[in-house]
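Each remark here refers to the structure printed beneath this line.
The values are calculated or read from the model by the stated rules, or taken from the named source; none is laboratory data. Predicted, not measured: the structure shown is a model, and the values here were computed from it. For neighbour counting, all protein chains shown are included, and Cβ atoms are generated from backbone atoms with ideal geometry for every residue, glycine included. Accessible surface is based on the protein model in full, side chains and every heavy atom, while ligands, DNA and RNA are left aside. Shrake-Rupley method; radii C 1.70, N 1.55, O 1.52, S 1.80 Å.
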Amino acid sequence: MNAAGGTIPKIAIRGVRKSFGRNRVLDGIDLDCGAGESLIIIGGSGTGKSVLVKCILGLLRPDEGSIRIDDAETVGLGRRARKALLQKCGVLFQGSALFDSLKVWENVAFGLIQGRGMPRDAAREVAITKLSAVGLGRDVAELRPAELSGGMQKRVALARAIAADPEIIFFDEPTTGLDPIMADVINNLILECVRGLGATAVSITHDMVSARKVGDHIAMLHKGQIVWHGPATEIDRSGNPFVDQFIHGRAEGPIHMEVRAQ
């Protein structure tokens, strides 16, 4: 509990700014995500969604601002403290980002072996358990990623994200490239895995079907700022012109896409 008697957010972001040269990508972000909550971050390409997540993970350092996890400041952490923080987190990367040279079970167990020093035999059994949790059998464990369909690769990536029973899971475009039925399968698996772990989830997506199904709250990022944040159930009546244009996929509105002449 905080001093005012309210619940302390799992993730609390205040005044975060990040620029690359003259390009200011994040321009004063204030955003909270409660423990056990699923937060969806939406917005057009190049609006800073991935940069924000990288700042939360510590892969990028903000130019200004505070990022607190479990009420502890994370900006500027040393290497050892950063490693301890990252062990609380799991990540499902866009495009799955599996290692082609490793077997499926080795992909799932990679963080357990390399990051935590778990013996290979024990890590393999954990990997098989997690593969089962996403609907993949023991036989799949010995295959290579190239032998799997896109949907199966995404399931393997999800198994890897939950392998260490993380407290926080980040999902980067989890349904991109999947057909609507497989996307729904992945959404259901995400819900089951996150709820099963009691984890906090932060997702980046353009898929509004996924956002509505998986999210408790949705925040929209535009030109480096949060222009709307509210319950997922309120997104269709937000009254915000940026949100309205985005969720209905309209070319006309306050969001202007830059088109360069050839």
Cβ-Cβ below 7 Å, separation at least six or inter-chain, first residue in the range 136-164 and under 21 Å from GLY196 (Cα atoms), second part of a helix (DSSP H, G or I) and of a type in the set (Lys, Arg): which pairs? LEU136/ARG155; ALA159/LYS130; ILE162/LYS130; ALA163/LYS130
Testing ARG80 on (1) touching a residue at least 12 places away in the same chain (Cβ under 8 Å); (2) open to solvent by 30 Å² or more (accessible area, probe 1.4 Å); (3) not in a loop (DSSP other than H, G, I, E, B), one condition comes back false. Which one is that? (1)
Does ILE190 meet the test of being surrounded by 20 or more Cβ atoms within 10 Å (Cβ to Cβ), touching a residue at least 12 places away in the same chain (Cβ under 8 Å), farther than 22 Å from LYS10 by Cβ and of a type outside the set (Lys, Arg)? no
Go through the range 193-210 and give me each residue that's touching a residue at least 12 places away in the same chain (Cβ under 8 Å) and outside any strand (DSSP E or B). CYS193, VAL194, GLY196, LEU197, GLY198, ALA199, THR205, HIS206, ASP207, MET208, VAL209, SER210
Residue ranges of strands (runs of 3 or more DSSP E) in the range 1-63 with at least 2 members open to solvent by less than 20 Å² (accessible area, probe 1.4 Å) and of a type in the set (Ser, Thr, Tyr): none
Take the residues in the range 64-76 that are open to solvent by 60 Å² or more (accessible area, probe 1.4 Å) and without any contact (Cβ under 8 Å) to a residue 60 or more places away in the chain, then tell me which one is farthest from GLY28 (Cα to Cα). GLU73
Of all residues being surrounded by fewer than 19 Cβ atoms within 10 Å (Cβ to Cβ), outside any loop (DSSP other than H, G, I, E, B) and among the acidic types (Asp, Glu) in the range 99-132, which is nearest to the chain's Cα centre (by Cα)? Just the residue, please. GLU125
Looking at the range 216-234, is at least one residue assigned to a helix (DSSP H, G or I) and of a type in the set (D, E, K, R)? yes
Residue under question is LYS213, and the condition is that it be of a type outside the set (Ser, Thr, Tyr), surrounded by fewer than 20 Cβ atoms within 10 Å (Cβ to Cβ), in contact (Cβ under 8 Å) with a residue 12 or more places away in the chain and part of a helix (DSSP H, G or I); does it hold? yes
Do the conditions hold for ARG68, that is, is it under 18 Å from the mean Cα position of the chain (by Cα), part of a strand (DSSP E or B) and among the basic types (Lys, Arg)? yes
Residue by residue through the range 235-255, note down the ones that are among the polar types (S, T, N, Q) and assigned to a loop (DSSP other than H, G, I, E, B). SER238, ASN240
